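The values are calculated or read from the model by the stated rules, or taken from the named source; none is laboratory data. Being a predicted model, the structure only gives us computed values, none of them experimental. Glycine also receives a Cβ, built like all others from the backbone with ideal geometry; neighbour counts cover every protein chain displayed.
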Amino acid sequence: MSRIAILGTGTWGTAIAITLARRGGHTITLWSHTENLADSITRTRENARYLPGIPVPESIRATHDLRVALDQAEIVVTVVPSEHLRATLCAMAPYLAPQQVIVNATKGLEDGTCLRMTQVIGEVLAQRALQLPCCVLSGPSFAQEVAAGSPTAITLASNLPELAARIREEFSGPTLRLYTNEDVVGVEMGGALKNVIALASGVVTGLGLGHNSIAALITRGNAEMTRLAIANGGRRETLAGLSGLGDLVLTCTGALSRNRHVGIELGRGRKLQEILSGMRGKVAEGVRTTGAALGLAAKFGVEMPITEQVAAVLAERLSPLDAMKELMSRPGRDE
């Protein structure tokens, strides 16, 4: 068993900590960017802000101190929002040690650079002459259900088979099953791009356009995701697996999906900033990922019509209904 530091006390970071604690044997430290939240978790044994009603086991230590969180940690799990990953890595770099392993559970593309999360990690570590092995956790996993103990299967991506086998053994438990995959690019792209399609799915739902529209959107959205993933070096079959189609279906149809929620509210006519301000610090990664995805699409010459319309709606260049009309009026083509 291992000493594990989990960086991020949002829903997913807290859910991972709870699940690993239930498995038993690990020494787990949960780091929060907010001192008040770390203190609250320690005092009440609950993350009332992000996972209310779900007990945080006594064995989990919460802290606001990065040095304390990373001290003697063997496995470091990054679960901060994509927009904060680079800054968090820079802050934690002085406390990292050569024998540590990084498991990235943040889904998204960095706004501006269009980099995948492992690329951001590699870039920051290289600037500090650090070389730490890194793998990726992704797949269909609502944090609330994972924390509640619902059976869940996700993907662990690494091009180092021995590392993948080790982390799978450390993280797997009665309610969490990990499948390994060497296609890091495909797994990361699937986890990031599905949030953009979920925004579109929410818009369709908010407009009241029906199940036919949702089915078409998911299917063509997966085709769009797959094109960009392959252009970046990913594999087609990965996008048909847990971290691609599985995560896409969950995020586009599940009531717990934040990105779908944002899309629904946009479809109902609300403004983006009003919607985001009402989410109380919870993040819909698809909002930032949309622009980065289009940046990659332009770089590789990949057509992404759904993502383009999502971007137009987010920027208020088109109404949700007009964006759907644009998609339906595109010239016919073979599937």
task = Please indicate, with yes or no, whether at least one residue in region 162-174 is hydroxyl-bearing (Ser, Thr, Tyr) and closer than 22 Å to residue 239 by Cα.
result = no
note = A careful count of residues in region 224-268 that are among the hydroxyl-bearing types (Ser, Thr, Tyr) and not in a helix (DSSP H, G or I) gives 1
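Among the residues of region 195-228, count how many are touching a Gly at 6+ places or on another chain (Cβ under 9 Å) and either of a type in the set (Ser, Thr, Tyr) or closer than 18 Å to residue 322 by Cβ (or both).
So the answer is 12.
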ask   = Among strands (runs of 3 or more DSSP E) lying entirely in region 33-111, which contain 3 or more residues that are in contact (Cβ under 8 Å) with a residue 40 or more places away in the chain and not hydroxyl-bearing (Ser, Thr, Tyr)?
value = 75-78
ask   = Counting only residues that are outside any loop (DSSP other than H, G, I, E, B) and of a type outside the set (A, V, I, L, M), which one in region 1-26 is surrounded by the most Cβ atoms within 10 Å (Cβ to Cβ)?
value = 14
query = Is it true that some residue in region 25-36 is closer than 23 Å to residue 131 by Cα, aromatic (Phe, Trp, Tyr) and not assigned by TED's automatic domain parsing to the domain that holds residue 297?
reply = yes
inquiry  = I need the full set of residues from region 299-330 which are exposed (fewer than 12 other Cβ atoms within 10 Å of the Cβ), over 23 Å from residue 234 (Cβ atoms) and at pLDDT 95 or above, in order please.
reply    = 315, 316, 317
Candidate set: region 252-280, residues that are of a type in the set (Lys, Arg) and in contact (Cβ under 8 Å) with a residue 40 or more places away in the chain; chosen: the one surrounded by the fewest Cβ atoms within 10 Å (Cβ to Cβ) = 280
query = Quick check, is residue 88 modelled with pLDDT of 95 or more and touching a strand residue (DSSP E or B) at 6+ places or on another chain (Cβ under 8 Å)?
reply = yes
